1. Hey, rough spin-label estimate for LEU22 and PHE10, points 7 angstrom out along Cα→Cβ, what's it come to in nanometres?
2. Magnitude of the Cβ-charge dipole of the stretch 2-56, K/R +1 and D/E -1, about the Cα centre, nearest 20 debye?
3. Ignoring GluC sites (Glu not before Pro) that are buried or in helix or strand per DSSP, and keeping those with at most 14 other beta carbon atoms within 10 Å, what is the longest stretch of the chain between them?
4. Please compute the contact order of the stretch 7-55 in relative form: average sequence separation of alpha-carbon pairs under 8 Å and at least six residues apart, divided by the residue count, as a percent.
5. If the chain between SER34 and GLU47 were fully stretched, how many nm would it gain, using 0.36 nm times the residue separation less the Cα-Cα distance?
6. Quick one: divide the alpha-carbon radius of gyration of the stretch 7-55 by 2.2 N^0.38 Å and tell me what you get.
7. Where in the stretch 1-31 are there trypsin sites (Lys or Arg not before Pro) that are in a DSSP coil and have at most 15 other Cβ atoms within 10 angstrom of their Cβ?
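Readers should treat all values here as calculations from the given coordinates under stated rules, not as data from a laboratory. As the structure is a computational prediction, the values presented were derived from the model and not from experiment. Note that each Cβ is placed from the backbone with ideal geometry, even for glycine, and that neighbours are counted across all protein chains shown.
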Amino acid sequence: MPKGSIIVYFEKTDFRKAREVLEDHVVIMDGLLSVFLVLGTPGKVYEKVCGLLERY
């Protein structure tokens with residue numbers, strides 16, 4: 001596969017460590033645990049998303 005043509009999604013992986021290991025060979029997608037979206041309150045989900053945006 002050509003460099004950068006694969007998207008990898010991690011839920012429980014340290015995004016920065018994954019980026020360090022994989023470099024720019026794949027596109028890394030980071031996000032919330034799926035269960036958090038289902039069971040979390042709207043306020044908690046909002047806080048978590050804002051935290052992710054600030055982190056990167």
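1. So the two model labels end up 0.7 nm from each other.
2. Around 80 debye, computed over the stretch 2-56.
3. Between exposed loop sites, the widest span is 24-56.
4. Working: 31 pairs, mean separation 18.2, N = 49.
Relative contact order of the stretch 7-55: 37 percent.
5. So the chain would gain 3.1 nm between SER34 and GLU47.
6. Details: Rg = 12.2 Å, N = 49, 2.2 N^0.38 = 9.7 Å.
Taking the Cα Rg and dividing by 2.2 N^0.38 Å, one obtains 1.26.
7. For trypsin sites (Lys or Arg not before Pro) across the stretch 1-31 that sit outside H, G, I, E and B with at most 15 neighbouring Cβ atoms in 10 Å, the list reads LYS3, LYS12.
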